[in-house]
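Undergrad: Structure provided below as structure tokens; questions to follow.
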Amino acid sequence: QVQLVESGGGLVQPGGSLRLSCAASGNIFRIYKTGWFRQAPGNQRELVAVITRDGSTTYADSAKDRFTIAKDAIKNSVFLQMNSLKPEDTAVYYCQVTTNIGAYWGQGTQVTVSS
């Protein structure tokens, strides 16, 4: 199994920035990609960004040019740097890892963008 702990959410004004962290423990050697997803009230959970074991990245259109996903292999962590935040970015953000034995989710961290 893999355990995930997210942190870094909070309240920020429009135009502000936040950096989310996802720390993994357990069978981390099985992880071959890590993604950030988000879910706003009344909406389906949607992909924000993904980073693979070799460092390749993919972004949702809504995240391109504003968000950056990166990893620190030494710390077994993946980060999501979010800049130029908009009210529509308000959601619970979840970290997910994909392994050869299944996918695992974190508990989520709330991001609220409001003045």
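The values are calculated or read from the model by the stated rules, or taken from the named source; none is laboratory data. Just so we're clear, the structure is a prediction, and the values are computed from it rather than from any experiment. Positions of Cβ are generated from backbone atoms using ideal geometry, with glycine treated the same way; all protein chains shown enter the neighbour counts.
Undergrad: I need the full set of residues from the stretch 54-78 which are outside any strand (DSSP E or B), touching a residue at least 12 places away in the same chain (Cβ under 8 Å) and either among the polar types (S, T, N, Q) or surrounded by 13 or more Cβ atoms within 10 Å (Cβ to Cβ) (or both), in order please. Break it down into steps so the answer makes sense when it comes.
TA: Quick first cut of the stretch 54-78, residues outside any strand (DSSP E or B) only: 54-56, 60-66, 73-76.
Now restrict to residues that are touching a residue at least 12 places away in the same chain (Cβ under 8 Å): 55, 60, 62-63, 66, 75-76.
Correct list: ALA60, SER62, ALA63, ARG66, ASN76.
Undergrad: Could you grab me the full set of residues in the stretch 8-22 that are under 12 Å from the mean Cα position of the chain (by Cα) and either at pLDDT below 95 or assigned to a loop (DSSP other than H, G, I, E, B) (or both)? I'd like the intermediate steps shown before the answer.
TA: Going residue by residue through the stretch 8-22, those that are under 12 Å from the mean Cα position of the chain (by Cα) are 8-9, 18-22.
The answer is GLY8, GLY9.
Undergrad: While we're looking at this one, here's another question. Condition (residue is of a type in the set (D, E, K, R), touching a Pro at 6+ places or on another chain (Cβ under 9 Å) and modelled with pLDDT of 95 or more) applied to the stretch 30-51: is it met by at least one residue?
TA: Let us first name the residues in the stretch 30-51 that are of a type in the set (D, E, K, R), namely 30, 33, 38, 45-46.
Add one more test, that the residue is touching a Pro at 6+ places or on another chain (Cβ under 9 Å), and what stays is none.
No, there is no match, as no residue in the stretch 30-51 is of a type in the set (D, E, K, R), touching a Pro at 6+ places or on another chain (Cβ under 9 Å) and modelled with pLDDT of 95 or more.
Undergrad: Which of (1) touching a Ser or Thr at 6+ places or on another chain (Cβ under 6 Å); (2) modelled with pLDDT under 95 does VAL78 not meet, given it meets every other one?
TA: (2) is the only condition that VAL78 fails.
Undergrad: I've got another one for you. Only residues in the stretch 29-41 that are more than 20 Å from PHE79 (Cβ to Cβ) count as the first member; pair them with residues that are among the acidic types (Asp, Glu), Cβ under 9 angstrom, at least 6 apart or cross-chain, and list the lot.
TA: Correct list of pairs: ALA40/GLU46; ALA40/GLU88; ALA40/ASP89.
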